[in-house]
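Below: the structure, in structure tokens.
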Amino acid sequence: MREKRFTHLLIALLCGGAGLFMLAAPGQATIYAYVDEQGVTHYTNVPADQRYQPLPLLEEPGTQATWRTYETYIREAASRFAVDPLLVRAVIKVESGFDHRAVSSKGAMGLMQLMPETARDMAVDDPFDPRANIMGGTRYLGLLLDRFHGNLRLALAAYNAGPQRVVAARHTVPPLPETENYVKEVLQHYQRYRASGAPTSRLYLADAAVN
């Protein structure tokens, strides 16, 4: 899988360029961002391109991230690991309902519900960090898509039940109710996102309204 270079200017601008941006009360400079065709994220406080979208001020650890932050991370990860961002969004919708603090009964953690061993394999130190979780989960999803030759149903089944079970089922969706329902639900949201054509903000607001 070919990774594209990510230029993370936000840290430099916020930490090294305190004269440009200050983390303070509302009313100060708004930060805008967009991801270009090469997967590079651009940040500015004076947007000169309609692709720029406003980002919220960085939040203290443990607070709820906003949909704008999630969208930036999703686009970054999707571009880097060659996965459709709408698919990543659909997986997050089903896995956690966009709750970065979610923990399953089996110990899966964060937005994309990474199991501890998967988090370690994907070099995710903090599964509850939204960016780290999305990067690790998208990387894993991309690896599964590669392994199963782009077969979306099998990759999703492997994401839920593990690739070994898909292989044991002779490269079909394992006959497990949870996995069958999972694949169906993710695909439904994915198709809904693709068919909507609505701006990303409306997709998130619609999802938030039913969570």
Inset, instruction - Please give the contour-minus-distance gain from ARG51 to ASP36: 0.36 nm per residue of separation, less the Cα-Cα distance, rounded to one decimal in nm. - result: 4.5 nm
Legend entry - Virtual spin-label span in nm between ALA195 and ASP121, 7 Å along Cα→Cβ: 3.3 nm
Inset, instruction - Round to the nearest 0.05 the FRET efficiency obtained for ASP99 and LEU187 when R0 = 22 Å and r is the Cβ-Cβ distance. - result: 0.55
Legend entry - segment 100-117 versus segment 129-196: alpha-carbon centroid distance in Å: 15 Å
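Read-outs: derived from the displayed coordinates by stated rules, not from any lab. Source: prediction; values computed, not measured. Here Cβ is always computed from backbone atoms with ideal geometry, including for glycine, and neighbour counts include all displayed protein chains.
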